[in-house]
Amino acid sequence: MVLPLSITLLVIHLFHQIRTSNSLSWKVCNDNDSPIILNNISIQPDPIKIPGKISIAGSFYVNKSISLPKIEVEVLKKLLFWWKLPCINAKCTYDLCELLHLESSCVLNTGYLNFPQTTFDIPQSPLLSFWTAGEYNAKVHLKSNEVNVGCFDLYFDVET
């Protein structure tokens, strides 16, 4: 038996509303001998609201100097199961030095490094709010010269 589209969308919407978590969580996905270990991260507001502003801050420990670090991001959205989303403007890799407002040829030296609270504007999504709102997972891989030097998974919710 095939359900009509309206009933299928209603069922998906109900599954979406029955969530177990409404908050930010994260976990380190590399071992303790990786050169970069995330200590903490804060994202406000929680849940993230679209449109609106988002503030991000945190710190990590560098146990081995890293040159020219990059961040590779993969974002997934949960809609019954996890769907991989396309990159923003076809860009999935970002320069960590640029994001932290450091010189472009920067080296992350051994020790604790804080990234100060930075606020971004999030514009209204062109998608319907039903498709934008929900649970997300961002897999963040820190790389230096294409070698993985750190990793963490971020789980967060978005409201419209």
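The values are calculated or read from the model by the stated rules, or taken from the named source; none is laboratory data. Remember, predicted model here, so these are calculated numbers, not experimental data. Methodologically, a virtual Cβ is constructed for each residue, glycine included, from the backbone with ideal geometry; neighbour enumeration extends over all protein chains shown. Side chains included, ligands, DNA and RNA excluded: accessible areas come from the protein's heavy atoms. Shrake-Rupley method; radii C 1.70, N 1.55, O 1.52, S 1.80 Å.
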Note on Leu76: of the conditions (1) in a loop (DSSP other than H, G, I, E, B); (2) under 25 Å from Ser59 (Cα atoms), unmet is (1)
Considering segment 130-145 alone, what residues qualify as being in a helix (DSSP H, G or I) and open to solvent by less than 30 Å² (accessible area, probe 1.4 Å)?
Thr132
Identify all residues within segment 40-73 that are open to solvent by 50 Å² or more (accessible area, probe 1.4 Å) and without any contact (Cβ under 8 Å) to a residue 24 or more places away in the chain; write none if there are none.
Asn40, Gln44
Are any of the residues in segment 138-150 under 18 Å from Pro35 (Cα atoms), of a type in the set (Gly, Ala, Ser) and within 17 Å of the chain's Cα centre (by Cα)?
yes
So if I check each of Leu76, Leu80, Leu96, Leu108, which one is in contact (Cβ under 8 Å) with a residue 24 or more places away in the chain and open to solvent by 70 Å² or more (accessible area, probe 1.4 Å)?
Leu80
Matching residues in segment 28-38 - criterion: being in a strand (DSSP E or B) and either modelled with pLDDT of 90 or more or open to solvent by less than 40 Å² (accessible area, probe 1.4 Å) (or both)
Ile36, Ile37, Leu38
Conditions: (1) in a strand (DSSP E or B); (2) open to solvent by 60 Å² or more (accessible area, probe 1.4 Å); (3) in contact with a helix residue (DSSP H, G or I) (Cβ under 7 Å, 6 or more places away or on another chain). Glu103 meets all but one. Number of the miss?
(1)
Which condition breaks for Cys151 when tested against (1) in contact with a Cys (Cβ under 8 Å, 6 or more places away or on another chain); (2) in a loop (DSSP other than H, G, I, E, B); (3) open to solvent by less than 70 Å² (accessible area, probe 1.4 Å)?
(2)
Only residues that are of a type outside the set (D, E, K, R) and more than 15 Å from Leu113 (Cα to Cα): list them for segment 43-67, please.
Ile43, Gln44, Pro45, Pro47, Ile48, Ile50, Pro51, Gly52, Ile54, Ser55
Can you go through Phe120, Phe115 and tell me which one is at pLDDT below 85 and in contact with a Gly (Cβ under 7 Å, 6 or more places away or on another chain)?
Phe115
